[in-house]
Amino acid sequence: MKTKKIPPYAPTLIESTRAIGYSPEAAVADIIDNSIAAEANKVDIYFFPIDGAYIAILDNGKGMSETELDLAMQYGSKNPMDTRDTKDLGRFGLGLKTASLSQCRCLTVISKQGDIVEGRRWDVDHVTEVGDWSLLVLDQEELTSIPQIDKLLKYEFGTLVVWQKLDRLKAEEINFELALGRKIDSVRTHLSLVYHRYLNGESGILKIQISINGEKVLPADPFLAKKSVQAMDDETLVIHGHKIVVRPYILPHISKMTAEEIKQLGGKEGLRKQQGFYIYRNKRLLVWGTWFRMMRQGDLSKLARIQVDIPNTLDDLWTLDIKKSSALPPAEVRKNLEVIIDKIAERSKRTWTFRGKKEISDTTTHMWNRMKNPHEGFYYEINREHPMVQKIIDRDSELQVPLFALFKQIEHGLPLNQLYVDLNNDEQLKNEQEPSSADIIMSLKVMLDMQDNIADKLALLETMASIEPFSVYPDAVEKVKWEALNNG
């Protein structure tokens, strides 16, 4: 059997790969992956929107030799099935080229190791003109004209990636400078989330500092780990001899978050859209805000988030795409995740339903009773047996009829539909404040003033000790009791 070598036509293929569909933020992240793989702890990004517009990404990693740089600029330089270093964030050997040229027509990469500086360039217009895979090798004079080269030369080791001829970024933009400003904001938000574990310097990985036009990118923890509850112990799944670590979180109720935390967690789409799995590959966030169709996104589960750490050795099972923005769990992983989903969803629902308190117990008297009608479902009524209600009636029995009639009006007038909407939106309810100890003491003293003698006062305090909200303020009850005994 005869064979023929038919290499792809360079102009057609290079233009085609530009249309893979990178967003600017995903493209920048792909370059930073290479910086992390090169053991950089500092990455500086520069956006220059005016004449000679460019985007430059500079790192202080170990740099590349002439041979390594040529290989890095080659399309498909690595086999995705090859075994990689456990810290490697790449896969297909395409990211540097496809990510960069998705945004520009001219990609320049300069790398420095000691006194040796090497530069290479893919220029789509040049490739189209010559009709071949013609990689430009920059001489020393050409290197000096590259934006931000002076900053690279100050490093002993490092790499500078420069995007020029920003045709895709400029497409259909009337005011490019203003548009680039918006894109910078998107890039900052994206990087702060995707690399939050690197920016925080989590144990086991090299802490990295990322800046955009001189301003540091701050980490955005999607789990609010310092305030949230870890719903279950970590669960380790072993697939084909490799470990996947699963850590579920329940965020605090929205009333316990600051406005800034809500904004950070929900973004423009709101908290509800960000619930679900957060898939990390070597602690770099790949996919987030999805249940992979194992559960429907709902209001009562929107506080649930599950961190899943996968190694790069399982890339093929997770069907990781070129952009590293899509992954699907294999069947053997889905089975284990479904069990975890059921548990954490119930915890999230309980956080909304019981507002962070324990379920109603028989030892505590409540102001509201939750009732069930076999035909109409659940409803709520004011507890007519509440001691405070009984004390009012005991003092004046004629008040019972109008008081119970008022209760009926309150119960029928409860705006349940609006309450449901308010509880599940991204705004805090202003009246969700816990009463202070001073408030409790004042309320108890008002009720004691209605009693004629010390015995009745002590009996009332004994009763109040088992009634919400007084039951959760035992010190306040004891203080009022002490004052009553000492003041007669």
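The values are calculated or read from the model by the stated rules, or taken from the named source; none is laboratory data. What you see is a predicted model, and the numbers here were worked out from it, not measured in a lab. Please note: Cβ atoms are built from the backbone with ideal geometry, for glycine as well, and neighbour counts cover all protein chains shown.
In table form, for the structure just shown:
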item: Checklist (1) crowded, with 16+ Cβ neighbours inside 10 Å; (2) closer than 26 Å to Val28 by Cα applied to Glu260, failing item; result: (1)
item: Matching residues, segment 428-452, being under 44 Å from the mean Cα position of the chain (by Cα), modelled with pLDDT under 75 and surrounded by 14 or more Cβ atoms within 10 Å (Cβ to Cβ); result: Gln428, Pro435
item: Matching option when the condition is surrounded by 18 or more Cβ atoms within 10 Å (Cβ to Cβ), under 17 Å from the mean Cα position of the chain (by Cα) and over 22 Å from Thr189 (Cα atoms), among Ile279, Ile244, Ile254, Ile250; result: Ile250
item: Pick from segment 133-163, criterion more than 10 Å from Asn60 (Cα to Cα) and in contact with a helix residue (DSSP H, G or I) (Cβ under 8 Å, 6 or more places away or on another chain), ranking: surrounded by the most Cβ atoms within 10 Å (Cβ to Cβ); result: Trp163
item: Residue match in segment 293-306 (condition: surrounded by fewer than 20 Cβ atoms within 10 Å (Cβ to Cβ), under 28 Å from Ala37 (Cα atoms) and modelled with pLDDT of 85 or more); result: no
item: Selection count where residues are exposed (fewer than 12 other Cβ atoms within 10 Å of the Cβ), modelled with pLDDT under 90 and in a loop (DSSP other than H, G, I, E, B), scope segment 213-241; result: 5
item: Complete set of residues in segment 377-408 that are in a helix (DSSP H, G or I), charged (D, E, K, R), free of Cβ contacts under 8 Å to residues at least 24 places away in the same chain and under 25 Å from Asp452 (Cβ atoms); result: Asp394, Glu398
item: Total residues in segment 182-212, condition modelled with pLDDT of 95 or more, aliphatic (A, V, I, L, M) and not in a helix (DSSP H, G or I); result: 3
item: Residue that is farthest from the chain's Cα centre (by Cα), among those in segment 165-179 that are under 16 Å from Ser100 (Cα atoms) and surrounded by 10 or more Cβ atoms within 10 Å (Cβ to Cβ); result: Lys165
item: Selected residue (only one of Gly21, Gly63, Gly76 is surrounded by 21 or more Cβ atoms within 10 Å (Cβ to Cβ) and farther than 19 Å from Ile184 by Cβ); result: Gly63
item: The lone exception for Ser145 - which of (1) without any contact (Cβ under 8 Å) to a residue 12 or more places away in the chain; (2) over 27 Å from Pro24 (Cβ atoms); (3) polar (S, T, N, Q) it fails; result: (2)
item: Filter pass, Thr319 being surrounded by fewer than 18 Cβ atoms within 10 Å (Cβ to Cβ), at pLDDT below 80 and either under 17 Å from the mean Cα position of the chain (by Cα) or among the hydroxyl-bearing types (Ser, Thr, Tyr) (or both); result: yes
item: Total residues in segment 26-43, condition over 23 Å from the mean Cα position of the chain (by Cα) and either aromatic (Phe, Trp, Tyr) or surrounded by 23 or more Cβ atoms within 10 Å (Cβ to Cβ) (or both); result: 1
item: Unique residue being modelled with pLDDT under 70 and over 29 Å from the mean Cα position of the chain (by Cα) when the list is Glu381, Glu376, Glu398, Glu411; result: Glu376
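Residue-wise test of (1) in contact with a strand residue (DSSP E or B) (Cβ under 8 Å, 6 or more places away or on another chain); (2) exposed (fewer than 13 other Cβ atoms within 10 Å of the Cβ); (3) touching a residue at least 24 places away in the same chain (Cβ under 8 Å).
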{"site": "Glu462", "(1), (2), (3)": "no, yes, no"}
{"site": "Ile467", "(1), (2), (3)": "yes, no, yes"}
{"site": "Phe470", "(1), (2), (3)": "no, no, yes"}
{"site": "Asp475", "(1), (2), (3)": "no, yes, yes"}
{"site": "Trp482", "(1), (2), (3)": "no, yes, no"}
{"site": "Asn486", "(1), (2), (3)": "no, yes, no"}
